[in-house]
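Presented below is the structure to which this report refers.
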Amino acid sequence: MSKLTVALLFGGKSVEHQISINSAQNIFEYIDKDLFELILIGISPTGDWYLKKSVDGNFDEQDQLLLSLSTTSKGFVNKSNNELIKPDIVFPVLHGTDGEDGSIQGLLQSLEIPFVGSGVLGSAMSMSKLYSKKLLQAAGIPTSSFISFDYQDKDQFSFEELEKNLGLPFMVKASNLGSSVGVIKVNSKGNYQEALTEAFKFDHTVLVESYVKGRELECSVMGNSNPKVSLPAEIIISSDYEFYTYDAKYRDPNAVQLKIPAEIDNNTSEKIRNLSLRAYKALGCEDFARVDLFLKEDGEILVNEINTIPGFTNSSMFPMMWKERGIEFKTLISQLIDIALENNKLKQRISNQYKP
């Protein structure tokens with residue numbers, strides 16, 4: 001049998017550009033090369049697409065890619081030799097803006113190229129902290145209390161009003177971002193305006209949430225018609241950090257301790273797994289995702305957010321949670337590609353023609 005061609009898509013015009021490269025390097029290393037022929041496509045920080053020879057952040061002297069929207073030759077065109085590149089499937093390993101928010105997924109859908117991960121709707125809804133919370137609440141899934149406002153309305157909510165409704169401390173977050181970029185803990189009126197300015201640097205909409213004191217847990221979900229759910233894992237953050245910051249996630253090797261699985265009773269574990277699956281379905285996720293939750297001191301469980309393209313680095317929880325279940329990295333990648341291909345095949349039954 002001939003190998004399937006898989007285009008590994010990484011980089012991106014996002015503050016999480018380097019994290020994407022780190023994840024893609026791991027997938028490049030562990031993907032089963034007996035089954036898959038890899039095509040490397042990197043997106044530069046400025047948004048240009050390149051055919052790459054290695055997974056890194058160097059975009060100098062690389063062949064630039066253009067789009068072909070011809071009905072007979074949809075795909076990517078190598079600008080240097082006009083070669084058409086249309087892989088069997090794309091594996092987007094893009095985190096954050098213009099990669100995890102449905103925009104790339106819509107592009108690939110228009111090119112009629114299958115891809116791994118959630119489609120336009122699930123990606124967009126999960127990426128938006130605001131609309132994901134609204135949908136979760138509508139589905140009866142508990143989340144933290146919040147207030148949101150856009151940039152032009154930022155002066156309508158005073159610190160005193162937010163404190164009265166959400167308590168103190170509270171969290172200020174850019175609505176459409178990941179890796180804790182644009183997230184600030186507000187402890188007093190003194191750092192409120194600074195937090196607001198920082199969050200609005202990265203998004204037009206800001207979310208202000210009540211601070212949740214509790215354990216940080218994560219759960220991985222994989223599949224579509226009958227999704228599998230991992231056991232919950234816990235992130236124990238060093239007392240040097242007030243919350244799970246960007247530095248704690250990626251820059252300080254001593255910032256966190258990972259417990260896989262989390263040390264919780266079976267009843268709580270099942271509740272967390274059930275809530276994770278419900279959240280996955282409520283937001284229209286496909287193929288795979290990581291659900292982040294809080295376990296409060298009184299036993300209440302809150303869903304914080306869903307990541308439709310979770311990290312694949314050596315310290316990333318998604319692959320580590322499945323490894324605990326006996327699924328090694330190489331097998332996990334193959335399973336994700338198989339799940340996506342099966343999902344795409346199922347969607348082919350849908351007609352886009354109508355003759356009255």
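The values are calculated or read from the model by the stated rules, or taken from the named source; none is laboratory data. Quick caveat, the model's predicted, so the values are computed rather than measured. With ideal geometry, Cβ positions are generated from the backbone for all residues, glycine too; neighbour counts draw on all protein chains shown. Accessible surface areas use protein heavy atoms only, side chains included; no ligands, DNA or RNA. Shrake-Rupley method; radii C 1.70, N 1.55, O 1.52, S 1.80 Å.
General observations
- Here the stretch 109-121 is the region considered, the condition is being closer than 13 Å to D287 by Cβ and over 11 Å from the mean Cα position of the chain (by Cα), and the residue that is surrounded by the fewest Cβ atoms within 10 Å (Cβ to Cβ) is P114.
- Any hit, the stretch 158-165, residues being farther than 15 Å from A199 by Cβ and of a type in the set (K, R): yes
Yes/no per residue for (1) modelled with pLDDT of 95 or more; (2) closer than 27 Å to G12 by Cβ; (3) surrounded by 14 or more Cβ atoms within 10 Å (Cβ to Cβ):
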| position | (1), (2), (3) |
| --- | --- |
| A248 | no, yes, yes |
| I272 | yes, no, yes |
| R278 | yes, no, yes |
| A282 | yes, yes, yes |
| D287 | yes, yes, yes |
| L295 | yes, no, yes |
| T308 | yes, yes, yes |
| T313 | no, yes, yes |
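- Among residues of the stretch 25-39 being in contact with a Ser or Thr (Cβ under 7 Å, 6 or more places away or on another chain) and closer than 27 Å to S103 by Cβ, the one that is most open to solvent (accessible area, probe 1.4 Å) is E37.
- Subset of the stretch 65-108 that is among the hydroxyl-bearing types (S, T, Y) and under 19 Å from the mean Cα position of the chain (by Cα) - its residue that is surrounded by the fewest Cβ atoms within 10 Å (Cβ to Cβ): S103
- Exactly one residue out of K164, K133 is surrounded by fewer than 14 Cβ atoms within 10 Å (Cβ to Cβ), in a helix (DSSP H, G or I) and either of a type in the set (A, V, I, L, M) or modelled with pLDDT of 90 or more (or both): that is K164.
- K330 being open to solvent by 30 Å² or more (accessible area, probe 1.4 Å), out of contact with any Asp or Glu (no Cβ under 6 Å at 6 or more places or on another chain) and not in a strand (DSSP E or B): no
- Members of the stretch 6-52 found to be touching a Leu at 6+ places or on another chain (Cβ under 8 Å), closer than 21 Å to K330 by Cα, modelled with pLDDT of 95 or more and not aliphatic (A, V, I, L, M), listed by number: F10, F28, F36, E37
- Some residue of the stretch 4-18 being in a helix (DSSP H, G or I) and over 20 Å from D88 (Cα atoms): yes
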